[in-house]
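Enquirer: My questions will all concern the structure given below.
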Amino acid sequence: MLLIVAVVLAPTAAAGRDKPKGPKDEKPPKPPIVLRAAVSGTTVTLSWRAREHEGGDDDRATVVAYGVYEDGALIGRTTTTTYAVSNVPCGTHHEFGVDAADSAGRRSDRATVQVAMPACAPGGGPTVYVAPNGIDAGICAQAAPCASFDFAYHLAAPGTTIEIAGGTYPAQTVNVDLTKLDATSDVVFRPAAGATVQIDGDLTVYGSHAIFRNLHLHKLVSQATAGALTSHDVTFDGLDGETFNIGPNYDISIVGGDWGPSLACHARDSAFDPSTWCPAGSPHAAEGNDGNAGDWENHVGPDGTIPAQWPHDIVISGTRIHDQNSADLDAMHTGGLFIISGYNIAIRNTVFQKDAVYDLQVQDFSSPDCCGMTYGPPHDVVLENNWLGAPVRGVNDPGGDTFNDQQPEVQLDPRHGACWSNWLIRFNSFTNGLALGLDADPCFDNVRVVGNVGEAPGDPQCFTGAAGLSWDRNAWLGGTCGATDVPLDSLPYVSTTVGSEDYHLTGGPAVDLLPGGTPDEQLGTDFDGQSRPHAAGWDAGADER
């Protein structure tokens with residue numbers, strides 16, 4: 001069935017959205033017009049028209065990309081005037097929006113359209129409702145909602161939407177449901193239209209074939225179970241929390257959203273130095289955020305109680321990881337994201353800002369003594385199109401969390417004589433750069449570093465002549481590592497100011513640096529969703545100028 005739904009001609013302002021101020025002689029672009037939505041099955045295809053300059057508006061900036069929103073959350077970017085949203089559940093109602101962006105990052109108001117999806121086919125299950133004042137009984141109807149995510153999940157058939165009423169909920173755990181393990185469609189958890197859902201605690205998920213959208217929480221735990229019951233095929237879309245932890249599960253995605261701030265700290269009035277206590281008013285003030293009541297650091301890795309099971313097919317895309325810090329870095333070490341072990345891991349289109357010590361650290365510290373076995377270093381990993389802001393110092397260290405700690409943003413630490421195998425690090429924008437052998441010399445097997453921009457790794461981090469390692473057309477400040485790398489006199493970014501980095505290119509040798517002669521040099525879009533290349537070649541870094 002093809003259904004054409006409401007057309008909205010007048011844009012609405014996006015509430016709470018910050019608009020970067022442009023030069024006085026140039027205004028942000030105008031929003032799209034004639035936004036339409038066509039529904040076919042579970043796919044919503046949006047189309048719109050670009051608004052041309054009108055009389056007196058010659059000083060409007062040129063549109064370079066469009067942002068696409070679902071229920072207020074950014075779900076994609078495009079340079080065309082159409083966008084298809086797939087897997088939209090039957091029987092649900094959504095507001096889709098589109099705004100226009102210029103090359104300086106200024107955004108227009110949004111044009112919006114309301115979409116009512118067709119009713120679910122027989123057997124697909126009615127919408128299940130959850131509310132703060134609900135009771136875990138019956139069928140969780142709108143008039144008599146249930147109280148917990150877990151009860152609703154077990155009641156819902158695959159393909160069902162669980163609509164969550166606005167309000168505050170206690171910590172939630174979604175347990176294994178045997179009927180969902182081999183499902184062909186997902187249960188979707190989402191707030192009611194216009195509602196804000198706050199979990200005053202952690203969201204712990206053991207279940208499979210589920211999508212969680214637009215929730216606010218403390219910590220996210222993708223918890224594993226030994227063997228075939230372990231969590232899989234779960235997407236966390238547009239979540240806002242402190243940290244996330246992914247155990248040895250598979251087909252787990254974190255898409256969009258915001259992670260931070262998170263401060264490792266001790267309970268107030270504890271025996272520790274008061275300077276390391278959690279701030280007054282912190283949700284961790286009573287119990288601390290020091291490992292006794294949950295992990296304080298984002299990580300992907302195995303579970304020492306589950307031998308020979310690894311996280312794999314993990315995607316982290318389009319999110320922001322920021323302000324991950326510690327009141328005592330010696331006792332509670334932390335940083336942006338810690339990867340211990342696993343395979344088929346992709347981190348792309350993600351912003352790292354104001355994270356202590358590192359943005360991404362990779363280190364397999366496991367051993368038979370601590371974890372029952374040595375799990376081995378991560379392999380088959382892709383890092384692409386990321387903005388990697390300079391790591392900062394601990395909040396109680398000199399300079400604090402606004403001071404560039406001068407450490408590499410990406411730190412690969414080869415413990416146990418690790419070999420890095422099948423790594424692709426391409427089109428990333430750094431300030432300080434990367435270290436492939438932070439505290440020891442690794443070996444390499446098919447490791448490619450392609451089209452990045454940042455400070456040169458330098459000796460010995462170039463590992464010149466090492467077998468299994470290649471450097472291809474990177475633009476480095478202060479030196480080069482490979483024969484096709486190019487030197488920079490300065491970093492070619494709009495801004496490297498800590499906490500407000502803007503890695504859009506301003507020009508220089510990074511522009512058109514890659515001819516696209518290999519698949520590694522051919523990335524289809526940049527960080528903003530703009531198509532690559534714009535001219536004769538692909539630009540190095542995450543931005544296609």
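Enquirer: For the structure I just gave you, tell me whether Gly22 is at positive phi and either modelled with pLDDT under 85 or outside any strand (DSSP E or B) (or both).
Expert: Details: at positive phi: no; either modelled with pLDDT under 85 or outside any strand (DSSP E or B) (or both): yes.
Judged against the criteria, Gly22 is not a match.
Enquirer: OK, next. Could you list all residues from the range 485-520 that are crowded, with 19+ Cβ neighbours inside 10 Å and either among the aliphatic types (A, V, I, L, M) or not in a loop (DSSP other than H, G, I, E, B) (or both)?
Expert: Leu488, Leu491, Tyr493, Val498, Tyr503, His504, Leu505, Ala510, Val511, Leu513, Leu514, Asp520
Enquirer: From Thr161, Thr79, Thr173, grab the single residue that is closer than 18 Å to Ala50 by Cβ and touching a residue at least 24 places away in the same chain (Cβ under 8 Å).
Expert: On the way: Thr161 fails: closer than 18 Å to Ala50 by Cβ; Thr173 fails: closer than 18 Å to Ala50 by Cβ.
Result of the check over Thr161, Thr79, Thr173: Thr79.
Enquirer: Next question, about the same structure. Would you tally the residues in the range 136-150 being part of a loop (DSSP other than H, G, I, E, B) and touching a Gly at 6+ places or on another chain (Cβ under 9 Å)? Before you say what the answer is, go through the steps one by one.
Expert: Narrowing the range 136-150 to residues part of a loop (DSSP other than H, G, I, E, B): 136-140, 142-143, 145, 147-148.
Cutting the leftovers down to touching a Gly at 6+ places or on another chain (Cβ under 9 Å) gives us 140, 145, 147-148.
Residues that pass the stated criteria total 4.
Enquirer: Is there a residue being charged (D, E, K, R) and either surrounded by 15 or more Cβ atoms within 10 Å (Cβ to Cβ) or in contact with a Cys (Cβ under 9 Å, 6 or more places away or on another chain) (or both) anywhere in the range 432-449? Break it down into steps so the answer makes sense when it comes.
Expert: So the first thing to find is which residues in the range 432-449 are charged (D, E, K, R), and the list is 439, 441, 445, 448.
Checking the rest, the ones that are also either surrounded by 15 or more Cβ atoms within 10 Å (Cβ to Cβ) or in contact with a Cys (Cβ under 9 Å, 6 or more places away or on another chain) (or both) come to 445, 448.
For the range 432-449, residues charged (D, E, K, R) and either surrounded by 15 or more Cβ atoms within 10 Å (Cβ to Cβ) or in contact with a Cys (Cβ under 9 Å, 6 or more places away or on another chain) (or both): present.
Enquirer: Within the range 173-185, can you find the residues that are within 14 Å of Phe149 (Cβ to Cβ) and surrounded by fewer than 21 Cβ atoms within 10 Å (Cβ to Cβ)?
Expert: Kept after step one, since they are within 14 Å of Phe149 (Cβ to Cβ), are these residues of the range 173-185: 173-177, 180.
If the condition is that a residue be within 14 Å of Phe149 (Cβ to Cβ) and surrounded by fewer than 21 Cβ atoms within 10 Å (Cβ to Cβ), then Thr173, Asn175, Val176 are the ones that fit.
Enquirer: Further, regarding this structure: Take Asp380 and decide whether it is more than 22 Å from the chain's Cα centre (by Cα) and surrounded by fewer than 20 Cβ atoms within 10 Å (Cβ to Cβ).
Expert: Working: more than 22 Å from the chain's Cα centre (by Cα): no; surrounded by fewer than 20 Cβ atoms within 10 Å (Cβ to Cβ): yes.
Here the answer is no, as Asp380 does not meet what is asked.
Enquirer: With respect to Pro457, is the statement that it is touching a Gly at 6+ places or on another chain (Cβ under 6 Å), surrounded by 23 or more Cβ atoms within 10 Å (Cβ to Cβ), over 17 Å from Leu383 (Cβ atoms) and not small (Gly, Ala, Ser) true?
Expert: Working: touching a Gly at 6+ places or on another chain (Cβ under 6 Å): yes; surrounded by 23 or more Cβ atoms within 10 Å (Cβ to Cβ): yes; over 17 Å from Leu383 (Cβ atoms): no; not small (Gly, Ala, Ser): yes.
No; evaluated as a whole, the condition is false for this residue.
Enquirer: Could you list, in sequence order, the residues of the range 392-410 that are loosely packed, with under 13 Cβ neighbours inside 10 Å and either among the hydrophobic types (A, V, I, L, M, F, W, C) or within 30 Å of Leu424 (Cα to Cα) (or both)?
Expert: Gln406
Enquirer: Additional query: Could you check, for the range 470-477, whether at least one of its residues is modelled with pLDDT of 95 or more, outside any strand (DSSP E or B) and within 26 Å of the chain's Cα centre (by Cα)?
Expert: Checked against the condition, which is being modelled with pLDDT of 95 or more, outside any strand (DSSP E or B) and within 26 Å of the chain's Cα centre (by Cα), the range 470-477 yields at least one hit.
Enquirer: Do any strands (runs of 3 or more DSSP E) lying entirely in the range 46-126 carry at least 1 residues that are under 22 Å from Thr319 (Cβ atoms) and modelled with pLDDT of 90 or more, and which ones are they? Spell out how you get there, then give the answer.
Expert: On the way: elements: 63-70, 73-78, 82-85, 93-102, 111-116.
Hits in the range 46-126: 63-70, 73-78, 82-85, 93-102.
Enquirer: Are there any pairs, at least 6 apart or on different chains, whose C-beta atoms fall under 6 Å, with the first in the range 431-448 and at positive phi and the second buried (at least 20 other Cβ atoms within 10 Å of the Cβ) and of a type outside the set (Lys, Arg), and if so, which?
Expert: Close Cβ pairs satisfying both conditions: Gly433/Pro408; Gly433/Gly454; Gly433/Glu455; Gly433/Pro457.
Enquirer: Right, another one. Evaluate the following for Ala467: is it in a loop (DSSP other than H, G, I, E, B), at pLDDT 95 or above and over 24 Å from the mean Cα position of the chain (by Cα)? Before the answer, list the steps.
Expert: Details: in a loop (DSSP other than H, G, I, E, B): yes; at pLDDT 95 or above: yes; over 24 Å from the mean Cα position of the chain (by Cα): yes.
So Ala467 fits the description; yes.
Enquirer: Out of the residues in the range 310-331 meeting the condition of being in contact (Cβ under 8 Å) with a residue 40 or more places away in the chain and over 24 Å from the mean Cα position of the chain (by Cα), tell me which one is surrounded by the most Cβ atoms within 10 Å (Cβ to Cβ). Show your work before the answer.
Expert: Of the residues in the range 310-331, the ones in contact (Cβ under 8 Å) with a residue 40 or more places away in the chain are 310-329, 331.
When the remaining residues are screened for being over 24 Å from the mean Cα position of the chain (by Cα), the result is 327-329, 331.
On the way: Ala327: 23, Asp328: 21, Leu329: 18, Ala331: 14.
Checking each candidate, the answer is Ala327.
The values are calculated or read from the model by the stated rules, or taken from the named source; none is laboratory data. Just so it is clear, the model here is predicted, and its values are computed rather than measured. Glycine gets a Cβ as well: all are built from the backbone with ideal geometry, and neighbour counts include every protein chain shown.
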